[in-house]
Structure formats: structure tokens, C-alpha cells
Amino acid sequence: MNTRIYVLKFPKEVIDQPIISNLVKKYDLEFNILKATILLQQEGVMVLEFIGHKANVKKGIAYLNEMGVTVKSMAGNIRRDDEKCYQCGACTGVCPTGALSLHRPDMAVLFDEEKCTACGLCVSVCPARAMEVSLNGSVAELAA
């Protein structure tokens with residue numbers, strides 16, 4: 001089984017289509033929705049973790065592209081620069097896996113790399129730019 005995280009951008013013309021359910025039925029893919037913003041008559045964005053055989057994932061992505069959905073892989077690892085981090089906790093509110101959490105009572109931000117799926121949501125909300133994603137061996141900041 002292959003597990004990978006993707007960011008999907010849906011054009012407003014296909015928001016009302018059963019695209020994700022077709023991935024399950026036609027391509028035998030499981031998915032975990034890590035984040036979704038889908039509004040009628042507007043572009044939609046989803047962060048999904050696909051689980052399935054590599055060939056099925058490839059076919060599913062081809063289907064998404066045919067439907068006009070932009071698909072980008074979230075390959076890499078997230079790391080935190082502890083010198084930049086000032087423990088504001090902004091990242092903990094967007095982390096879908098609980099890899100970033102607040103330790104009470106001192107309110108320290110904890111980062112559990114084992115739980116992290118490298119979705120990159122924390123990178124865009126970090127005001128200190130302490131969260132970084134490593135893509136193909138290099139570190140790149142993903143500013144929103």
C-alpha cells in the first residue's frame with residue numbers, strides 16, 4: 001500500500017461533482033481529509049492523504065487532472081527551527097494529526113515528528129517562520 005499527501009485545488013465549475021467518491025469507487029483509493037475548504041461557486045482546496053496501490057493512485061490523479069483539479073504532492077518532512085520559534089501556538093490550531101500540541105501548564109509547543117504527515121499547514125500559519133518543509137533534501141519555507 002502506498003500513502004501520500006496531496007493538495008487538491010478544485011475549479012468552481014466542478015465543486016458540485018462527486019469527484020472524491022469516484023476515487024473510492026473507481027480507483028479503490030482510501031483517503032483521509034486533513035483539511036478542506038469547499039464553497040459553492042468558488043475554488044476549493046483539500047489536503048488529502050491517499051492510501052492505495054501506487055498504480056491506482058496514479059490513475060486517480062490522472063482522473064483528477066481530467067476533471068480540472070490541480071494536484072500537488074506534499075513530499076518531504078517538516079522540521080522546526082527552535083531558535084526562531086517563540087511558542088505562540090498558532091501551528092497547533094491547524095495541525096490535523098496532533099503532531100503539534102501545547103504542553104500545559106507551561107504552554108510550550110511540542111512537535112512530535114512521528115505524528116507529522118508533512119501536510120505543510122503549520123508552515124503557512126507560523127508568524128515566526130520557524131516551521132520548514134524539506135523537499136527532496138533541501139529546506140524551503142512555504143510562505144502563504
Step by step: first the residues of segment 40-54, then only those that are of a type in the set (A, V, I, L, M) and surrounded by 14 or more Cβ atoms within 10 Å (Cβ to Cβ), then the one that is nearest to the chain's Cα centre (by Cα). Which residue is that? V47
Evaluate the following for G68: is it among the small types (G, A, S), at positive phi and in contact (Cβ under 8 Å) with a residue 24 or more places away in the chain? yes
Selection within segment 11-41 - at pLDDT below 85 and either farther than 27 Å from G93 by Cα or touching a helix residue (DSSP H, G or I) at 6+ places or on another chain (Cβ under 7 Å) (or both): K35, Q41
Quick one: in segment 103-128, of everything that is assigned to a strand (DSSP E or B) and without any contact (Cβ under 8 Å) to a residue 12 or more places away in the chain, which residue is farthest from the chain's Cα centre (by Cα)? H103
So, first residue among the acidic types (D, E) in segment 1-23, second residue modelled with pLDDT of 90 or more and assigned to a loop (DSSP other than H, G, I, E, B), Cβ within less than 9 Å, six or more apart or across chains; the pairs are E13/G68
Pairing a residue in segment 80-101 that is assigned by TED's automatic domain parsing to the domain that holds M131 with any residue that is exposed (fewer than 14 other Cβ atoms within 10 Å of the Cβ) and in a loop (DSSP other than H, G, I, E, B), where Cβ atoms lie under 6 Å and the two sit 6 or more apart in sequence or on different chains, gives T97/K115; G98/K115; A99/D112; A99/K115
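Conditions tested, residue by residue: (1) closer than 20 Å to Y6 by Cβ; (2) charged (D, E, K, R); (3) out of contact with any Asp or Glu (no Cβ under 9 Å at 6 or more places or on another chain).
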{"site": "T70", "(1), (2), (3)": "yes, no, yes"}
{"site": "Y86", "(1), (2), (3)": "no, no, yes"}
{"site": "H103", "(1), (2), (3)": "no, no, yes"}
{"site": "M107", "(1), (2), (3)": "no, no, yes"}
{"site": "A118", "(1), (2), (3)": "yes, no, yes"}
{"site": "C122", "(1), (2), (3)": "yes, no, yes"}
{"site": "V125", "(1), (2), (3)": "yes, no, yes"}
{"site": "A128", "(1), (2), (3)": "no, no, no"}
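Residues checked against (1) surrounded by fewer than 16 Cβ atoms within 10 Å (Cβ to Cβ); (2) touching a Pro at 6+ places or on another chain (Cβ under 6 Å); (3) more than 23 Å from E114 (Cα to Cα):
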| position | (1), (2), (3) |
| --- | --- |
| T3 | yes, no, no |
| F10 | no, no, yes |
| K25 | yes, no, yes |
| F31 | no, no, no |
| L34 | no, yes, no |
| I38 | yes, no, yes |
| L64 | no, no, yes |
| M67 | yes, no, yes |
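The values are calculated or read from the model by the stated rules, or taken from the named source; none is laboratory data. Model, not experiment: these values are computed from the prediction. Ideal geometry is used to build each Cβ from the backbone, glycine not excepted, and the neighbour counts take in all protein chains shown.
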